[in-house]
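See structure below.
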Amino acid sequence: VEETAVVCLMSGNFVQRGQPAVFHKMVRAEAALIAGADLVLELPVQYAIRSAEGFAAGGVGILGQFCDELCFGSETGDAEGLMNTARALLSPAFSPALREYLDQGLSFPAARQRALEQLGTDARLLSAPNDILGVEYCKAILSSGTSMCPLVITRQGGYHDTLPDWENPSATALRLCIYRNEDIAPYVPEGTTPLYANAEVHALEYGQRAMLAKLRSMTAEDFAALDEGREGLCNRLYEASRRAASVAEILERSKTKRYAYSRLRRMLLWAYLDLKPADFPEEPAYIRPLAANAVGRQLLGMMRKTASVPVLTKPGDVRRLDRTAQKLFELEARAADLYTLAYPDLSAAVGEAIWREGPVIL
């Protein structure tokens, strides 16, 4: 293997903002290779649609086994500050302080900020989306004991911008361009445009009849199993799902100042995919490559010998998993099948593709 290999860990067909990915994971994995990655691995769906904490824990659990550095974007680009904030969040004094402010009715982000300030820690690094996720990556690094170090890239441009900046377009702006069928060639890496031009576009709206059908078939007890914090949010979602005529309306009926839309969307996805917090493993049960070049294939050969969990390079490898890991892969397969219902053309909604697809090799 060359001195440095670039490994990309990517969400699959459902992503952390609580929606289906705009392009299929295999399209995005091949694009990542073209853009410079040597190996692309999949973050299992049980981590990909979690909160920032769960998302980061899954990523570090996989990459921490064989990577020296974890590279991510950050609005501040302050690696030392992110690590210091992570240490404060892991300190024994933090949880009691957080609970004090949550009991006062503050939202989780506001309570967390107040608790950090009470402990004498600058909470400004928890005010921007990528910094927040970066702190969670640092927490996961510290908690796991991995020797991996954070490599922070300063994120330029506005995270929520709806119009693409020529130098640093936001993902939000690019998705809107894609949904409007506008040209994204000026904003994506050279060589990836043909992939995107020929790919099916996915959106939650295309498959929301299936989602509404699932939600309306669920009981109040089914919704209760989704509520990690036991805060009664499940009751709001249950009532809204009975009356609303769209996913957007369910979210609007359920929203309060305490709950972010992303959290509500993730809970609806958990319901749709029949995932429950009890299904979320503490540690990854397997590693699944989506794409690799020659360097990546060499790295995969090393990983098979050193990784603490099986590396799945073909569907038949699932048979080698223990029963717990097999059940987790079956959840992934079900999610992949439901993702196809978000195609604009239902004739493309062919199931069980995950059992036939192997990594993209370039």
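The values are calculated or read from the model by the stated rules, or taken from the named source; none is laboratory data. It should be emphasised that the depicted structure is a prediction, and the values quoted were computed from it without experimental measurement. All Cβ positions, even for glycine, are placed from backbone atoms using ideal geometry, and neighbour counts span all protein chains on display. Just so you know, the surface numbers come from the protein's heavy atoms only, side chains and all, with ligands and any DNA or RNA stripped out. Shrake-Rupley method; radii C 1.70, N 1.55, O 1.52, S 1.80 Å.
Listed values, structure above:
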read-out: Boolean, SER11 is surrounded by fewer than 19 Cβ atoms within 10 Å (Cβ to Cβ) and among the hydroxyl-bearing types (Ser, Thr, Tyr); value: no
read-out: Number of the condition not met by GLU283 [criteria: (1) in a helix (DSSP H, G or I); (2) more than 20 Å from ALA29 (Cα to Cα); (3) open to solvent by 30 Å² or more (accessible area, probe 1.4 Å); (4) not aromatic (Phe, Trp, Tyr)]; value: (1)
read-out: Flag for LEU237 being without any contact (Cβ under 8 Å) to a residue 60 or more places away in the chain, crowded, with 17+ Cβ neighbours inside 10 Å, within 24 Å of PHE23 (Cβ to Cβ) and touching a Phe, Trp or Tyr at 6+ places or on another chain (Cβ under 8 Å); value: no
read-out: Tally of residues being touching a helix residue (DSSP H, G or I) at 6+ places or on another chain (Cβ under 7 Å) and outside any helix (DSSP H, G or I) across the stretch 35-49; value: 8
read-out: Complete set of residues in the stretch 339-357 that are assigned to a loop (DSSP other than H, G, I, E, B) and either open to solvent by 40 Å² or more (accessible area, probe 1.4 Å) or touching a residue at least 24 places away in the same chain (Cβ under 8 Å) (or both); value: TYR343, PRO344, ASP345, VAL350, GLU352, ARG356, GLU357
read-out: Residue within the stretch 56-63 that is surrounded by fewer than 20 Cβ atoms within 10 Å (Cβ to Cβ) and of a type outside the set (S, T, N, Q) present; value: no
read-out: The stretch 95-106 - residue that is over 26 Å from the mean Cα position of the chain (by Cα) and in a helix (DSSP H, G or I) and, of those, surrounded by the fewest Cβ atoms within 10 Å (Cβ to Cβ); value: PRO96
read-out: Counted residues, the stretch 185-224 - those being part of a loop (DSSP other than H, G, I, E, B), closer than 30 Å to ASN235 by Cα and open to solvent by less than 30 Å² (accessible area, probe 1.4 Å); value: 3
read-out: Index of the failed condition, GLY316 passing every other in (1) surrounded by 14 or more Cβ atoms within 10 Å (Cβ to Cβ); (2) farther than 17 Å from ALA37 by Cβ; value: (1)
read-out: The stretch 148-177, subset of a type in the set (A, V, I, L, M) and without any contact (Cβ under 8 Å) to a residue 24 or more places away in the chain, residue most open to solvent (accessible area, probe 1.4 Å); value: LEU163
read-out: Pick from the stretch 25-43, criterion of a type in the set (Val, Ile, Thr) and more than 14 Å from LEU299 (Cβ to Cβ), ranking: least open to solvent (accessible area, probe 1.4 Å); value: VAL27
read-out: Any hit, the stretch 307-319, residues being part of a loop (DSSP other than H, G, I, E, B), hydrophobic (A, V, I, L, M, F, W, C) and in contact with a Leu (Cβ under 6 Å, 6 or more places away or on another chain); value: no
read-out: Test result for GLU69, modelled with pLDDT of 95 or more, open to solvent by 80 Å² or more (accessible area, probe 1.4 Å) and more than 17 Å from GLY54 (Cβ to Cβ); value: yes
read-out: Selection within the stretch 107-147 - assigned to a loop (DSSP other than H, G, I, E, B), of a type outside the set (Asp, Glu) and open to solvent by 40 Å² or more (accessible area, probe 1.4 Å); value: LEU119, GLY120, SER127, GLY145, SER147
read-out: Candidate set from the stretch 125-134 (those that are without any contact (Cβ under 8 Å) to a residue 60 or more places away in the chain and of a type in the set (A, V, I, L, M, F, W, C)); member that is nearest to GLY77 (Cα to Cα); value: LEU125
read-out: Residue in the stretch 65-84 that is within 24 Å of MET302 (Cα to Cα), of a type in the set (Val, Ile, Thr), in contact with a helix residue (DSSP H, G or I) (Cβ under 9 Å, 6 or more places away or on another chain) and touching a residue at least 40 places away in the same chain (Cβ under 8 Å) present; value: no
read-out: Some residue of the stretch 289-297 being crowded, with 20+ Cβ neighbours inside 10 Å and in a helix (DSSP H, G or I); value: yes
read-out: Residue list for the stretch 2-16, restricted to those being among the hydrophobic types (A, V, I, L, M, F, W, C) and in a loop (DSSP other than H, G, I, E, B); value: ALA5, VAL6
